[in-house]
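Presented below is the structure to which this report refers.
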Amino acid sequence: GGTMKRRAGEREKELKKKKLLEELGENRLPYMTPADADFHQLWKTKYTKLIFRKSETVPEELHQMVQKGFLTLREHDCFFQDLVRIKGKDFLTPVSRILIGNPGCTYKYLNTRLFTVPWPTEGYDIKYCSPQIHDACKALIRLNDYLHIEAVKTLQGQNLHETKEIKDTTVIDREQSFATSLTEPGSVSKDQSGVCVPEDDSISLKNRTSYNLTLLNYMDPLQMLYLKQEPYFGMGNMAVSWHHDENLVERSTVAVYSYSCEDSGVGESHEQELKGRDPAVWHVGLKVAWDIETPGLAIPLHQGDFYLMLDDLNMTHQHCVLAGLSPRFSSTHRVADCSRGTLEYIFGQCELALQNLQTDSDSMALSLKSLEAAVVKQVEEIHNEVEFEWLRQFWFQGKRYLKCTDWWLKPMAKLEEFWRKMEIMTSLVLSEVRKDQQMEEQRNETINCFLQVLKERQRLRKEWTVR
């Protein structure tokens, strides 16, 4: 059911997009950068939940740890292009990535599940392939803690400033006003309504800012033969197309730390009379989803800058990443919805399924406790989940995680053991329903449920073989 509904939703979006692009023809929608007079006004009114902090606001020691960590991971070839699936076709992402985060946690995007390289966590014995990789992961958990605190402060700050009237002092120098209005938490204007977090809501505030992982990105634009052009505004080369981040806890904050390996200034055409964004500099692009009235926003990202997408910004707006000329790393911290994405969860599912398997104490023969349709269906669905959401997702991207740590090998071996037992359970259902002792009615219901899940298994096995 879910798949059909999702497909219909995708189709509808495709049509909307096609219609919009046809309507545009050769024209482009307007967008603004800090060089535009009304940039601030636009930001303050239409993009309030995007918070930007300049590099200077971050402790120097943290910059150095994190940037060294990025370079270590690149030296050890830990960044990989992902094979993702969009509308039934597979694509390699232009950007290379690695996921680092809580042990046993995973993150799924575009039908591809990534498995965290665990960052150093109390109570876990994590062996890294080298001390440098350990240090890199440690740097990222430090950055994670820092960004968590910043997000909490910002949300609390917005709260405090909702009650006080704040007079908007218009600053003449736009560049300076850009810097201050975005780096001083105190300067949040009171039209932030909507983020308002009631004081006692500190639990939800913590829940929505406690990042459990970071998806690291790396790309060297000059190594890319072809980059897609941004289609709506004419913003130029895109590293990442327009999207909403998926698989996140609702209304949770996303924090992005950006590190572009600029030589001083990248030959920045500062006195540029060019309209629009400087193509040498990396930018984050924002637009209001499905709205062509509001101009877009392109915000320059320099070495060590970071930004926060607060509350529902990720639902109401879309964002893209516009490539500059220098190689760039980013660390994107998220509160992934891991309700069905942790080892703990999938082991729990396996235990549940195996409750229906019993071993005869004398003959050691295996048999099923129940052939009730609902029980059989649940077991076979868990069987599919282990195989397609975990085992195949893990192995089809190769043994890439082994460049950092062997942490996942044991749990995967254990999941595979569970899977083998479930394969036996499937064959036991088959041999049971072939016998005639069962009541006709229950037998038919069981067979129907069973066949449905088995068909899905066949379909998915074919799809994975193709992948």
Quiz item: Okay, which of the range 103-117 sit inside 14 Å, backbone N to the point 7 Å along the Cα-Cβ direction of Phe91?
Solution: 110-112
Exercise. Please find the FRET efficiency linking Lys462 to Leu227, where r is the Cβ-Cβ separation and R0 is fixed at 56 Å, and quote it to the nearest 0.05.
Key: 0.95
Quiz item: Accessible surface of Phe233 in the full protein assembly, 1.4 angstrom probe, to the nearest 10 Å²?
Solution: 10 Å²
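Accessible area, 1.4 Å probe, largest first: how do Trp407, Trp119 sort?
Values: Trp407 45, Trp119 5 Å².
Sorted descending by solvent-accessible area, the residues read Trp407, Trp119.
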Exercise. With unit charges on the beta carbon (Lys/Arg positive, Asp/Glu negative), name the residue among Leu343, Val433, Gln393 whose Cα is farthest towards the positive pole of the charge dipole of the range 343-464.
Key: Gln393
Quiz item: Sequence-distant or interchain residues sharing an amide H contact under 5 Å with Val117, placed H: which?
Solution: Leu99, Ile100, Gly101
Exercise. List the relative contact order of the range 244-394 as a percent without decimals, with contacts defined as Cα pairs under 8 Å and 6+ residues apart.
Key: 28 percent
Quiz item: Using the Karplus equation 6.51 cos²θ - 1.76 cosθ + 1.60 (θ = phi - 60°), what ³J(HN,Hα) coupling, rounded to whole Hz, does each residue of the range 318-335 give in order, writing x for Gly and Pro?
Solution: 10, 9, 9, 10, 9, 6, x, 9, 8, x, 9, 9, 9, 10, 10, 8, 9, 9
Quiz item: Residues with amide H under 5 Å of Asp305's amide H, sequence separation 5 or more or different chain, H placed in the peptide plane at 1.01 Å from N; which?
Solution: Ser55, Ser258
Self-check item: For the range 208-215, Karplus couplings with θ = phi - 60° (6.51, -1.76, 1.60), whole Hz, Gly/Pro x
Solution: 8, 10, 7, 4, 9, 6, 10, 9
Exercise. Output the relative contact order of the range 39-156, whole-number percent, from Cα pairs under 8 angstrom with separation of 6+ residues.
Key: 22 percent
Quiz item: Whose amide H sits under 5 Å from the amide H of Ile126, counting only residues 5 or more places off or on another chain, with H placed in the peptide plane?
Solution: none
Quiz item: Past the 21 Å Cα-Cα mark, which pairs from Lys87/Lys462; Lys377/Lys455; Lys5/Lys87; Lys377/Lys435?
Solution: none
Practice problem: Please give the length that would be gained between Leu15 and Arg340 if that part of the chain were fully extended, namely 0.36 nm times their separation in residues minus their C-alpha to C-alpha distance (nm, one decimal). | Solution: 113.9 nm
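What FRET efficiency comes out for the pair Ser427/Glu56, r = Cβ-Cβ distance, R0 = 45 Å, nearest 0.05?
With a Förster radius of 45 Å, E is 0.10.
Give, rounded to the nearest 20 debye, the magnitude of the charge dipole that the chain has about its Cα centre when Lys and Arg contribute +1 at Cβ and Asp and Glu contribute -1 at Cβ. Don't jump to the answer; show the numbers that get you there.
On the way: 60 positive and 68 negative charges, 262 e Å.
Computed about the Cα centre, the dipole is about 1260 debye.
Between Lys68 and Asp263, take the C-beta separation as r, use R0 = 22 Å, and let me know the FRET efficiency to the nearest 0.05.
Details: r = 18 Å, r/R0 = 0.83.
With a Förster radius of 22 Å, E is 0.75.
For the full complex of protein chains and a 1.4 angstrom probe, list His134, His319, His148 by accessible area with the highest value first. Don't skip to the answer; put the middle values down first.
On the way: His134 65, His319 10, His148 40 Å².
Largest to smallest exposure gives the sequence His134, His148, His319.
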Quiz prompt | Cα centroid separation, the range 333-365 to the range 398-462 (Å) | solution = 12 Å
Quiz item: Got a sec to turn the phi values of the range 299-306 into Karplus ³J(HN,Hα) couplings, 6.51 cos²θ - 1.76 cosθ + 1.60 with θ = phi - 60°, whole Hz, x for Gly and Pro?
Solution: 10, x, 10, 10, 3, x, 6, 9
Quiz item: Just how much of Lys455 is accessible, in Å², when a 1.4 Å probe is used and the result is rounded to the nearest 10?
Solution: 150 Å²
Quiz item: In square angstrom, what is the accessible area per residue of the range 343-464 with a 1.4 angstrom probe?
Solution: 56 Å²
Exercise. Round to the nearest 10 and report in Å² the accessible area of Val429, as given by a 1.4 Å probe over the protein chains' heavy atoms.
Key: 0 Å²
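Ignoring ligands, DNA and RNA, what percent of the 1.4 Å accessible area of the range 343-464 is carbon and sulfur?
Carbon with sulfur: 52 percent of the solvent-accessible area.
The values are calculated or read from the model by the stated rules, or taken from the named source; none is laboratory data. Remember, predicted model here, so these are calculated numbers, not experimental data. Every residue, glycine among them, receives a Cβ derived from its backbone with ideal geometry; neighbour counts consider all protein chains shown. We work out accessible area using only protein heavy atoms, side chains counted, and drop any ligands, DNA or RNA first. Shrake-Rupley method; radii C 1.70, N 1.55, O 1.52, S 1.80 Å.
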